[in-house]
1. Considering only residues that are surrounded by 10 or more Cβ atoms within 10 Å (Cβ to Cβ) and hydrophobic (A, V, I, L, M, F, W, C), which ones fall in segment 42-52?
2. Hey, among D105, D79, D97, D109, which residue is among the acidic types (D, E), open to solvent by 40 Å² or more (accessible area, probe 1.4 Å) and at positive phi?
3. Which of (1) surrounded by 14 or more Cβ atoms within 10 Å (Cβ to Cβ); (2) at pLDDT below 90; (3) within 15 Å of the chain's Cα centre (by Cα) does T157 not meet, given it meets every other one?
4. List the strands (runs of 3 or more DSSP E) that sit entirely inside segment 43-125 and contain at least 1 residues that are closer than 24 Å to F27 by Cβ and more than 26 Å from the chain's Cα centre (by Cα).
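The values are calculated or read from the model by the stated rules, or taken from the named source; none is laboratory data. Since the structure is predicted, the reported quantities are computational estimates derived from the model, not experimental observations. Cβ atoms come from the backbone with ideal geometry, glycine included; neighbour counts cover every protein chain shown. These accessible areas exclude ligands, DNA and RNA; they are computed on the full protein's heavy atoms, side chains included. Shrake-Rupley method; radii C 1.70, N 1.55, O 1.52, S 1.80 Å.
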Amino acid sequence: MEDIKPQFYLSPRIGISHPISENSKLFFNYGQYVQLPAAESMYRVQRYATGKVITMGNPSIPLANTTSYEIGFDQALFDDYLLRISGYYKDIVNQTDRTYYQSVDGAADYGLVTANSYEDIRGAEIELTKYYGDWFTGNINLEYRVQSWASSAFSATIRMSWCSVNMNGKNLLTGRHCRSPA
């Protein structure tokens, strides 16, 4: 059995905002984040009914690391609305993946959880939020995102999402609290 060495990470974060006027500001955010893989990715051993190993976890897998940048502009409108325009970039490395091993004679045939995957995300967002109101609150969010990752070529996604009619922070159609998309 092999001893697992501890992993230490530094996750610096910085946020800077600068007022332009009484109702507007510029902002910049930077951060490095790490994410612990799911427990099954580290410890699970999956077998066929015959006992043959299919997939093995990897307790020494490095943590996924995200470096994130965001720059944007906020403008208060009519004391009830906030217009936010922002652009962002995220670089994600060491995402969990599976590497399969197979010997020529077929004696070894299994998968091992590894950290071989990465993702590159760029995008822009425009969001209009109404924070206060007796009858209507909510937001409209328009996002354009371009993603690329290790296991496929190139993907472009355009997402538009919104929360419908809201009262006191709750969507009247679904009964849930309104959130902007992740």
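1. Hits for segment 42-52 are M42, V45.
2. Exactly one of D105, D79, D97, D109 is among the acidic types (D, E), open to solvent by 40 Å² or more (accessible area, probe 1.4 Å) and at positive phi, namely D79.
3. (1)
4. 64-77, 81-102
For (1) among the polar types (S, T, N, Q); (2) in a strand (DSSP E or B); (3) at pLDDT below 85; (4) loosely packed, with under 11 Cβ neighbours inside 10 Å, each residue gets a yes or a no:
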position: Y9; (1), (2), (3), (4): no, no, no, yes
position: G15; (1), (2), (3), (4): no, yes, no, yes
position: F28; (1), (2), (3), (4): no, yes, no, no
position: Q32; (1), (2), (3), (4): yes, yes, no, no
position: P37; (1), (2), (3), (4): no, no, no, no
position: E40; (1), (2), (3), (4): no, no, yes, no
